Amino acid sequence: TESFRQTRLLAGEYTASGMELIHTLAKAQSLAIETAYCDFAWPTVTELSIPAGAILFTSFSTHYVPKLSPDFINQLTQFQPRIVAHFEPCYEHCDSTTLLGLMRRRYIEVNDYNRNLATLLYEQQQQGRIKILEERPAVFGTNSLLAASIIVWQPNLL
């Protein structure tokens, strides 16, 4: 955390209890973190003043939106980020040839979690709107049926 002491940290969170937890954890680490409400259903996502060139992270948040629209990419690129890093469960990364993969897919379906994040990102890349820099399927998570993938991309800002 020492390397982040001088970095402006912002956190968008959907719940009041989540914002409270962020403040508690930040205080324990002697970090100042500005928080505000965040909702991927809003056209502006958040009221945080995110500077151009920021690094945006999502973590176990997009999976609550069953089907992301292409507007999701517009919502994130409006901030002109340097990169966007998703730490999210990806339905498309659940191997349909293994029992574990099939169980993961079913878990996502039963809970009505997101089923198109990776597909959407690849469609946006094909359209020349973003460039995917790194992808690591199903690499971690405390719930073995909801393992997070890492997908890092950058917008192709014109």
Original post:
Anyone know which of 36, 54, 26 comes out most mobile in the 10 Å Cα GNM of the chain?
Top reply: 26
Original post:
What are the trypsin sites (Lys or Arg not before Pro) within region 2-45 that DSSP puts in a loop, where the Cβ has at most 14 other Cβ atoms within 10 Å?
Top reply: 5, 8
**OP:** Taking H placed 1.01 Å from N in the peptide plane, check which residues at least 5 places from residue 148 or on another chain put their amide H under 5 Å from its amide H.
**Re:** 139, 140, 141
Original post:
Relative to the present Cα-Cα distance, how much length would full extension add between residue 69 and residue 20 at 0.36 nm per residue of separation?
Top reply: 14.7 nm
Original post:
Spin-label point model (7 Å from Cα, Cβ direction): what's the residue 52 to residue 36 distance in nm?
Top reply: 1.8 nm
**OP:** Starting from region 1-85, pick out the chymotrypsin sites (Phe, Trp or Tyr not before Pro) whose DSSP state is loop and whose Cβ has at most 12 other Cβ atoms within 10 Å.
**Re:** none
Original post:
What are the ³J(HN,Hα) values, in whole Hz, obtained from phi via the Karplus relation 6.51 cos²θ - 1.76 cosθ + 1.60 with θ = phi - 60°, for each residue of region 134-150 in sequence order, with x given for Gly and Pro?
Top reply: 7, 8, 10, x, 6, 9, 7, x, 7, 9, 5, 8, 9, 6, 8, 9, 10
**OP:** For region 36-99, give the percent of accessible area contributed by carbon and sulfur heavy atoms, probe 1.4 Å, rounded to a whole number.
**Re:** 59 percent
Original post:
What accessible area per residue, rounded to a whole number of Å², is obtained for region 1-87 using a probe radius of 1.4 Å?
Top reply: 62 Å²
Original post:
Expressed as a whole percent, how much of the Cα-Cα distance distribution for region 26-74 exceeds 17 Å?
Top reply: 47 percent
Original post:
Which residues' amide hydrogens lie under 5 Å from the amide hydrogen of residue 9, considering only partners 5 or more residues apart or on another chain, with H built in the peptide plane?
Top reply: 34
**OP:** List, in order, the whole-Hz ³J(HN,Hα) value for each residue of region 32-46 obtained from phi through the Karplus relation with A = 6.51, B = -1.76, C = 1.60 and θ = phi - 60°; use x for Gly and Pro.
**Re:** 9, 10, 7, 10, 7, 4, 9, 8, 5, 8, 7, x, 9, 6, 8
**OP:** Select from 143, 74, 116 the residue whose mean-square fluctuation is largest in a Gaussian network model of the chain (Cα-Cα springs shorter than 10 Å).
**Re:** 143
Original post:
Considering the chain, what Rg and Dmax in Å follow from its alpha-carbon atoms?
Top reply: 16.2, 47
**OP:** Please work out the FRET efficiency for the pair residue 28 and residue 139, using the Cβ-Cβ distance as r and a Förster radius of 30 Å; give the result to the nearest 0.05.
**Re:** 0.70
Original post:
Taking H as built 1.01 Å from N, whose amide H comes closer than 5 Å to the amide H of residue 38, not counting residues under 5 places away?
Top reply: 13, 14
Subject >> Rounded to whole Hz, the Karplus (6.51, -1.76, 1.60) HN-Hα couplings of region 97-111, x for glycine and proline >> reply: 9, 10, 4, 4, x, 5, 5, 4, 4, 5, 4, 5, 5, 4, 8
**OP:** Report, for the chain, the % of DSSP beta bridges that are antiparallel, rounded to 5.
**Re:** 60 percent
**OP:** Using Cα centres only, tell me the gap between region 11-67 and region 96-158 in whole Å.
**Re:** 20 Å
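The values are calculated or read from the model by the stated rules, or taken from the named source; none is laboratory data. Computed from a prediction, not measured in an experiment: that's the story for all the values here. Glycine also receives a Cβ, built like all others from the backbone with ideal geometry; neighbour counts cover every protein chain displayed. Just the protein is used for accessible areas: all its heavy atoms, side chains included, with ligands, DNA and RNA removed. Shrake-Rupley method; radii C 1.70, N 1.55, O 1.52, S 1.80 Å.
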